[in-house]
Amino acid sequence: MWIGGVRIVIRDEENKVLLVRQHHEGRDIWMVPGGGIEEGETSKDAARREVREETGLEISVGRLIWHME
């Protein structure tokens, strides 16, 4: 069952945004890191896990900038 998803905007000192390349439906696309929220997981926990899985970075989660139910 799909619980929800997260996307994480990570900016550096020069205000550049981190993007990851993923292969989807036969082509490469660029997007901010993210993915699905697992059962029993908070959105902040999911954000940390997804960034770690996709980039190897350990992050602290700041503010929520957008939410949809």
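Sorting check: for 2-9, 58-65, which peptide has the highest mean count of neighbouring beta carbons within 10 Å, and how do the rest follow?
Numbers: 2-9: 14.1, 58-65: 9.9.
Put in order of decreasing packing, that is 2-9, 58-65.
Compute the FRET efficiency between R63 and E39 as 1/(1 + (r/R0)^6), taking r as their Cβ-Cβ distance and R0 = 25 Å, and round to the nearest 0.05. Could the numbers behind the result be given before it?
Values: r = 25 Å, r/R0 = 0.99.
FRET efficiency, R63 to E39: 0.50.
Ignoring ligands, DNA and RNA, what percent of the accessible area of the chain is carbon or sulfur (1.4 Å)? List each step's numbers first, then the result.
On the way: 2880 of 5810 Å².
That fraction is 50 percent.
From the residues G4, A46, L57, which one has its Cα farthest along the dipole of the chain in the positive direction, the dipole being from +1 and -1 charges on Cβ of Lys/Arg and Asp/Glu about the Cα centre?
So the residue furthest toward the plus end is L57.
Could you compute how fast the chain diffuses translationally, taking Rh as the Kirkwood radius over C-alpha pairs and applying Stokes-Einstein at 4 °C with viscosity 1.567 mPa s? Give it in µm² per second. Each step should come with its number before you reach the end.
On the way: Rh = 13.0 Å.
Rounded, D is 100 µm²/s.
Give me the 1.4 Å probe accessible area per residue for the chain, excluding ligands and nucleic acids, in Å². It would help to have the intermediate numbers written out before the result.
Details: 5810 Å² over 69 residues.
With the other protein chains kept in place, the chain gives 84 Å² per residue.
Can you tell me, using C-alpha contacts under 8 Å and at least 6 residues apart, the relative contact order of the chain as a whole percent?
Numbers: 86 pairs, mean separation 19.2, N = 69.
It comes to 28 percent, rounded to a whole number.
The values are calculated or read from the model by the stated rules, or taken from the named source; none is laboratory data. The model shown is predicted, which means the values in this text are computed figures rather than measured ones. So basically every Cβ, Gly included, is an ideal-geometry build from the backbone, and we count neighbours across all protein chains shown. Calculation scope for accessible area: heavy atoms of the full protein, side chains included, ligands and nucleic acids excluded. Shrake-Rupley method; radii C 1.70, N 1.55, O 1.52, S 1.80 Å.
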